[in-house]
1. What is the Cα centroid distance between the range 241-257 and the range 149-179, reported in whole angstrom?
2. Order of 191-200, 249-258 by packing, highest average Cβ count within 10 Å first?
3. What's the angle, to the nearest 10 degrees (0 to 90), between helix 133-145's Cα axis and the longest principal axis of the chain?
4. Where does each of 270-280, 130-140 land if you order them by average Cβ count within 10 Å, highest first?
5. Straight-line reach from LYS12: which lysines fall under 22 Å, measuring Cα to Cα and dropping same-chain residues less than 8 apart?
6. With +1 on each Lys and Arg Cβ and -1 on each Asp and Glu Cβ, and nothing else charged, work out how big the dipole of the range 1-109 is about its Cα centre, in Debye to the nearest 20.
7. Mind putting a number on the dipole of the range 220-278 about its Cα centre? Charges go on the C-beta only, +1 for Lys and Arg and -1 for Asp and Glu, and I need it in Debye to the nearest 20.
8. Do you know the relative contact order of the chain, to the nearest whole percent, from alpha carbon pairs under 8 angstrom that are 6+ apart?
Amino acid sequence: MEHAIEIRGLRKSYGRREVLHGLDLNVPAGEVFALLGPNGAGKTTTVEILEGYRERDGGEARVLGVDPGRATSDFRARIGIVLQSSAVYPTLSVGELLELFAGYYPSPREPGEVVRLVGLEEKRDARVRTLSGGQLRRLDLGLALVGDPELVFLDEPTTGFDPAARRRAWETIRGLRALGKTILLTTHYMEEAQALADRLAILRDGRIVATGSPRDLLDGHTTVEIRYRSGVEEVVLETEEPTRVLHELTADALAAGRELDSLQVRRRTLEDLYLELTRDGE
Ligand SMILES: Nc1ncnc2c1ncn2[C@@H]1O[C@H](COP(=O)(O)OP(=O)(O)OP(=O)(O)O)[C@@H](O)[C@H]1O
Ligand SMILES: [Mg+2]
């Protein structure tokens, strides 16, 4: 199978309000795909339709070759899910909960391995209700992986993670990719998308406004930003010829015996592109 996920003309309304206006999307098997977009853009709605947890109102969807609107237990065993908000069993311990979930799958991972994978070794015997927010989120990730799924849906998997935990989660996600799994994730962290995604789509008000690899999306934009401080004023220049502009700036400063304070040269980032494409009123 070429694509783990195929979507054509996907539509969804809540009441009379349409929130997905005909999405087209392919996620090749074995890739990490990031769905980006502002709050309310329709990411969770899309992901939950693909997981078989919400009904679509129009269009076609195939997930691992199956229509998620007719999801069977067989289909559910092949996917792993981190929901945006999770409700777990507060009185079980971390280890017990993973054991419980492992029991739902035909060929689960060993729960002890999953505990290590998400960095909860020291919390293995702790009750779920005593975990911190970030630790709970790590447990959510563990619960998505315990069934050893082919396809993993991660809806904001690292929200609330400390920087070290986030890096660790990235390593886990890369590890899944190396095993040939497909990962669809949503995130509000552009550096996360940049670090992980083979491809991404930016969603705005229920429409895809850009799709491609991070590199392809940024390649069309060769502008470089140069910043420095002149007295109390911050000078910002955008140029397609950074070599020439920098040469002139530094030559002038040298001739005048001045320093270009706080000099920075910066390429456009995914965050710049994202902010442009999702800005209100465009
Ligand atoms: N169960 C629901 N009933 C009615 N409206 C809903 C429901 N779920 C989502 N919506 C609306 O659909 C739109 C898309 O919501 P969705 O949760 O898919 O956004 P999102 O992109 O995941 O946002 P966030 O980044 O905040 O998680 C929003 O306007 C939201 O208010
Ligand atoms: Mg969401």
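None of the figures in this text is laboratory data; all of them are computed from the coordinates on show. Only a predicted model underlies this, so the values are computations on that prediction, with no experimental measurement involved. Here the Cβ is made from the backbone with ideal geometry for all residues, glycine too, and neighbour counts use every protein chain on show.
1. 44 Å
2. Working: 191-200: 19.7, 249-258: 10.9.
The packing order, highest mean first, is 191-200, 249-258.
3. In the chain, helix 133-145 runs at an angle near 60 degrees to the longest axis.
4. Details: 270-280: 15.3, 130-140: 18.2.
Ranked by mean Cβ neighbours within 10 Å, highest first: 130-140, 270-280.
5. LYS43
6. Numbers: 13 positive and 14 negative charges, 63 e Å.
Value, rounded to 20: 300 debye.
7. Values: 7 positive and 13 negative charges, 33 e Å.
That gives a dipole near 160 debye.
8. Values: 520 pairs, mean separation 57.3, N = 282.
Across the chain, relative contact order equals 20 percent.
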